[in-house]
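A.B. asks: What follows is a structure written as structure tokens; I'll ask about it next.
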Amino acid sequence: MDKSDQEKAATLRTEPVTINMGPQHPSTHGVFRLRVTFDGEMVLDVEPVFGYLHRGTEKLAEERNYTQVITLTDRLDYVSSMINNQAYVLSCEKLGGIEAPERGQYLRVIAAELQRIASHLVATGFLLQDLGAFGTPLMYCMRERERILDLFEMLCGARITNSYMRVGGVFQDAPEDFWPALRRFLEAMPRFIDEYEHLLTSNEILLSRTRGVSLLSAEDAINASISGPVLRATGVAWDLRKAAPYEVYDRMAFVLPLGKSGDVYDRYWVRMQEMRQSVGIVQQCMAQIQPGPVRTTVPLIFRPPVGEAYVPIEASKGELGFYLVSDGGISPYRCKIRSPSFINLTLLREMLIGYKLADLVVIFGSIDINMGEVDR
Amino acid sequence: MTRLVAGGDLARRLQDAFPGTVESWDDSQVWVQPDRLVEVCGWLRQTPDLAFDFLSSISAVDYIEHFELVYHLTSIRHNHRAVVKARLYGRERPAAPSVVSIWRGATLQEREVWDLMGVTFEGHPNLKRIMLWEGFPGHPHRKDHLGG
């Protein structure tokens, strides 16, 4: 550079650029829009724009009877339908003062834990995809998830939108050939996690892209109502399966994997370890489950007494709860969904500011949101 | 196991701290004056043996003659829960103070309540529609939306 060029560079005016990311963008995992202001590659400001997948689920629930609403819950977080079913039927059961028979509860926990593994596989696979490890890690995860979906198909005939659970239990008992298939899966899954971790957990590229990125403190996370693996990655031992055991979780032995710094790496690591714990929980369920009925008699047109219920449970993404208000009729008077994906986005702006464009997709992926649940 | 703080206990302590704020209570919940919400919530979060540090959810229910705001509070420190409610009368412009200054977790939830139920939160830093677009007529979760 000669002198005149240097003078020119000093007086050159640069402006921040605002661009739209989404709603149609592969790394938003659905239809989500971010208005991002960049200075070069650096993120200066972020404005999330919601609502592209808003279907009015809460309003639709007011027009359907309690049993029909189960099919709506499948379509909230569509990679963990079983857990949505469970949260909804537990609220209904509290409203009606019903308890599912023990075998039904065990089947629900088995389904929910398998679903948690499937959901974490999706989260991890897409996180690696966002990091630029194109294709292979995602396909490995999808391959294992496929085995879980096969198990769900045996349970209820559906793979994604299961609607397996009912108020008072589950829709049907597991078929005979389900148990050997489940046993084979449980034997294979830890080996897969080992293999995956061997490839990734100490991979230098993964470490340098995720360590210290998007640090979140425990105080900030709690104050912003962030729950699930993102909260546990900050080191807070808060899991509703432990804190408020529902169904048969009080009989299960498992530990809560906790992160230290709350960065992207810790979120990845917590999910990997949670999959191992879930395998353990399903094994314990298999050992403990006894023959018996899977469902109490609850009329299809279920009329709970006047009242309200809110039963929060630990979904794969955090605290999920249905706040149901009954006026004694056949439909909920109000069905409010407390969705973890939506509320975990509270600090999105703070998590992204100051990072580079390439980190933005990674940080966003590490929160693990599902647009069906964000927009409802 | 998460313990539910009894409505009666909470009501008594709130009465002592802020006379005249409690409207009524039952076993599981307390109704407070809506204009005192920020004081009450701030106190619930600060008091060491209550320490409601985690705002689980904010819901709004349309009971035709009034709107009800429902705050599900959780204390991660003590592993207990409580339900605090506030009734808002008048359908034209129901309003309540924003609790964003106490729990940032209210930011998106209050926007959602405003968008879908039409309750204004005074003091919210960015109260605009979230699920629907600006200019959408009405608030669809109200029972009288499109004639009910």
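The values are calculated or read from the model by the stated rules, or taken from the named source; none is laboratory data. Given the structure is predicted, the values throughout are model-derived calculations rather than measurements. All Cβ positions, glycine included, derive from the backbone under ideal geometry; neighbour counts span all protein chains shown.
A.B. asks: Can you pull out every residue in the range B:93-144 that is at the interface with chain A (Cβ under 9 Å from one of its Cβ atoms), part of a loop (DSSP other than H, G, I, E, B) and touching a residue at least 24 places away in the same chain (Cβ under 8 Å)?
C.D. replies: Once the filter is applied, which keeps residues that are at the interface with chain A (Cβ under 9 Å from one of its Cβ atoms), part of a loop (DSSP other than H, G, I, E, B) and touching a residue at least 24 places away in the same chain (Cβ under 8 Å), the range B:93-144 yields B:Ile102, B:Trp103, B:Gly105, B:Pro140, B:His141, B:Lys143.
A.B. asks: State whether the residues of the range A:264-277 include one that is of a type in the set (Asp, Glu), at pLDDT 90 or above and over 25 Å from A:Asp74 (Cβ atoms).
C.D. replies: Yes: one or more hits.
A.B. asks: I would also like to ask the following. Just to be sure before I move on: is B:Tyr89 among the hydroxyl-bearing types (Ser, Thr, Tyr), more than 11 Å from every other protein chain (Cβ to nearest Cβ) and either surrounded by fewer than 24 Cβ atoms within 10 Å (Cβ to Cβ) or more than 15 Å from the chain's Cα centre (by Cα) (or both) in the structure I sent?
C.D. replies: So B:Tyr89 fits the description; yes.
A.B. asks: To continue, here is another question. Given (1) touching a Pro at 6+ places or on another chain (Cβ under 8 Å); (2) touching a residue at least 60 places away in the same chain (Cβ under 8 Å), identify the lone condition not met by A:Gly125.
C.D. replies: Here A:Gly125 meets the rest and fails (2).
A.B. asks: Something else now. Can you say whether A:Val282 is modelled with pLDDT of 90 or more and outside any loop (DSSP other than H, G, I, E, B), as far as the supplied structure shows?
C.D. replies: Criteria met by A:Val282.
To keep it simple, each residue is scored yes or no on (1) at pLDDT 90 or above; (2) in contact with a Leu (Cβ under 8 Å, 6 or more places away or on another chain).
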{"site": "B:Pro19", "(1), (2)": "no, no"}
{"site": "B:Trp25", "(1), (2)": "no, yes"}
{"site": "B:Leu50", "(1), (2)": "no, yes"}
{"site": "B:Asp53", "(1), (2)": "yes, no"}
{"site": "B:Ser57", "(1), (2)": "yes, no"}
{"site": "B:Leu73", "(1), (2)": "yes, yes"}
{"site": "B:Ile76", "(1), (2)": "yes, no"}
{"site": "B:Pro97", "(1), (2)": "yes, yes"}
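A.B. asks: Then there is this: Looking at the range A:145-163, which of the residues that are of a type in the set (A, V, I, L, M) and not in a helix (DSSP H, G or I) is surrounded by the fewest Cβ atoms within 10 Å (Cβ to Cβ)?
C.D. replies: Applying the filter and picking the extreme gives A:Ile160.
A.B. asks: Next question. Looking at the range B:92-139 only, could you name the residues that are acidic (Asp, Glu), crowded, with 17+ Cβ neighbours inside 10 Å and more than 13 Å from the chain's Cα centre (by Cα)?
C.D. replies: Within the range B:92-139, B:Asp115 is the sole residue that qualifies.
A.B. asks: Do you know which residues across the range B:62-86 are of a type in the set (A, V, I, L, M, F, W, C) and either under 20 Å from B:Ala11 (Cα atoms) or more than 9 Å from chain A (Cβ to nearest Cβ) (or both)?
C.D. replies: B:Ile64, B:Phe67, B:Leu69, B:Val70, B:Leu73, B:Ala82, B:Val83, B:Val84, B:Ala86 - these are the residues of the range B:62-86 that are of a type in the set (A, V, I, L, M, F, W, C) and either under 20 Å from B:Ala11 (Cα atoms) or more than 9 Å from chain A (Cβ to nearest Cβ) (or both).
A.B. asks: Next up: Considering each of A:Leu216, A:Leu240, A:Leu206 in turn, give the residue that is in contact with a Ser or Thr (Cβ under 7 Å, 6 or more places away or on another chain) and either in contact (Cβ under 8 Å) with a residue 60 or more places away in the chain or of a type in the set (S, T, N, Q) (or both).
C.D. replies: Going through A:Leu216, A:Leu240, A:Leu206 in turn, just one is in contact with a Ser or Thr (Cβ under 7 Å, 6 or more places away or on another chain) and either in contact (Cβ under 8 Å) with a residue 60 or more places away in the chain or of a type in the set (S, T, N, Q) (or both): A:Leu216.
A.B. asks: Within 24 Å of B:His141 (Cβ to Cβ) and within 14 Å of chain A (Cβ to nearest Cβ): is that true of B:Val32 in this structure?
C.D. replies: So B:Val32 fails the test.
A.B. asks: Can I ask one more? Just checking: which of the helices (runs of 4 or more DSSP H) contained wholly in the range A:13-131 hold 1 or more residues that are more than 26 Å from A:Lys336 (Cα to Cα) and at pLDDT below 90?
C.D. replies: In the range A:13-131, the matching helices (runs of 4 or more DSSP H) lie at A:102-131.
A.B. asks: Determine the pairs where a residue that is more than 7 Å from chain A (Cβ to nearest Cβ), located within the range B:47-61, has a partner that is in a strand (DSSP E or B) and buried (at least 19 other Cβ atoms within 10 Å of the Cβ) with Cβ atoms under 6 Å apart, the partner being 6 or more residues away or on another chain.
C.D. replies: From the range B:47-61, the pairs are B:Ala51/B:Ser75; B:Phe52/B:Leu73; B:Phe52/B:Ser75; B:Ile58/B:Tyr71; B:Ala60/B:Phe67; B:Ala60/B:Leu69.
A.B. asks: Which condition number does A:Met142 fail, the rest of (1) crowded, with 19+ Cβ neighbours inside 10 Å; (2) under 21 Å from the mean Cα position of the chain (by Cα) being met?
C.D. replies: (1)
A.B. asks: Suppose we filter A:Ser366, A:Ser339 for residues that are in contact with a Lys or Arg (Cβ under 8 Å, 6 or more places away or on another chain), under 26 Å from A:Ala237 (Cα atoms), more than 13 Å from chain B (Cβ to nearest Cβ) and of a type outside the set (Asp, Glu); which single one remains?
C.D. replies: Selected residue: A:Ser366, the only one of A:Ser366, A:Ser339 that is in contact with a Lys or Arg (Cβ under 8 Å, 6 or more places away or on another chain), under 26 Å from A:Ala237 (Cα atoms), more than 13 Å from chain B (Cβ to nearest Cβ) and of a type outside the set (Asp, Glu).
A.B. asks: Something else about it: Of A:Ala244, A:Ala237, which residue is surrounded by fewer than 16 Cβ atoms within 10 Å (Cβ to Cβ), within 14 Å of another protein chain (Cβ to nearest Cβ) and under 20 Å from the mean Cα position of the chain (by Cα)?
C.D. replies: A:Ala237
A.B. asks: Based on this model, can you work out whether A:Ser331 counts as more than 12 Å from chain B (Cβ to nearest Cβ) and not in a helix (DSSP H, G or I)?
C.D. replies: Answer is yes for this residue.
A.B. asks: If B:Met1 meets every condition in (1) at the interface with chain A (Cβ under 10 Å from one of its Cβ atoms); (2) surrounded by 17 or more Cβ atoms within 10 Å (Cβ to Cβ) apart from one, which number is that one?
C.D. replies: Checking B:Met1 against (1) at the interface with chain A (Cβ under 10 Å from one of its Cβ atoms); (2) surrounded by 17 or more Cβ atoms within 10 Å (Cβ to Cβ), the one that fails is (2).
A.B. asks: Just need a number here: residues in the range A:25-58 that are under 30 Å from A:Leu95 (Cβ atoms), buried (at least 16 other Cβ atoms within 10 Å of the Cβ) and of a type in the set (D, E, K, R).
C.D. replies: Qualifying residue count for the region: 1.
A.B. asks: So which residues in the range B:74-84 are out of contact with any Gly (no Cβ under 9 Å at 6 or more places or on another chain), crowded, with 20+ Cβ neighbours inside 10 Å and either without any contact (Cβ under 8 Å) to a residue 60 or more places away in the chain or of a type in the set (Val, Ile, Thr) (or both)?
C.D. replies: Across the range B:74-84, the qualifying residues are B:Thr74, B:Ser75, B:Val84.
A.B. asks: Please go through the range A:211-222 and give me each residue that is within 20 Å of the chain's Cα centre (by Cα) and among the polar types (S, T, N, Q), ordered by number.
C.D. replies: Across the range A:211-222, the qualifying residue is only A:Ser214.
A.B. asks: Right, A:Gly104: crowded, with 21+ Cβ neighbours inside 10 Å and either more than 14 Å from every other protein chain (Cβ to nearest Cβ) or not aromatic (Phe, Trp, Tyr) (or both) or not?
C.D. replies: Spelling it out, A:Gly104 is indeed crowded, with 21+ Cβ neighbours inside 10 Å and either more than 14 Å from every other protein chain (Cβ to nearest Cβ) or not aromatic (Phe, Trp, Tyr) (or both).
A.B. asks: Just to be sure I understand, how many residues within the range A:164-215 are within 19 Å of A:Pro101 (Cβ to Cβ) and in a helix (DSSP H, G or I)?
C.D. replies: Counting residues in the range A:164-215 that are within 19 Å of A:Pro101 (Cβ to Cβ) and in a helix (DSSP H, G or I) gives 2.
A.B. asks: Name, by its number, the condition in (1) aliphatic (A, V, I, L, M); (2) touching a strand residue (DSSP E or B) at 6+ places or on another chain (Cβ under 9 Å); (3) within 14 Å of chain B (Cβ to nearest Cβ) that does not hold for A:Leu352.
C.D. replies: Status for A:Leu352: all satisfied but (3).
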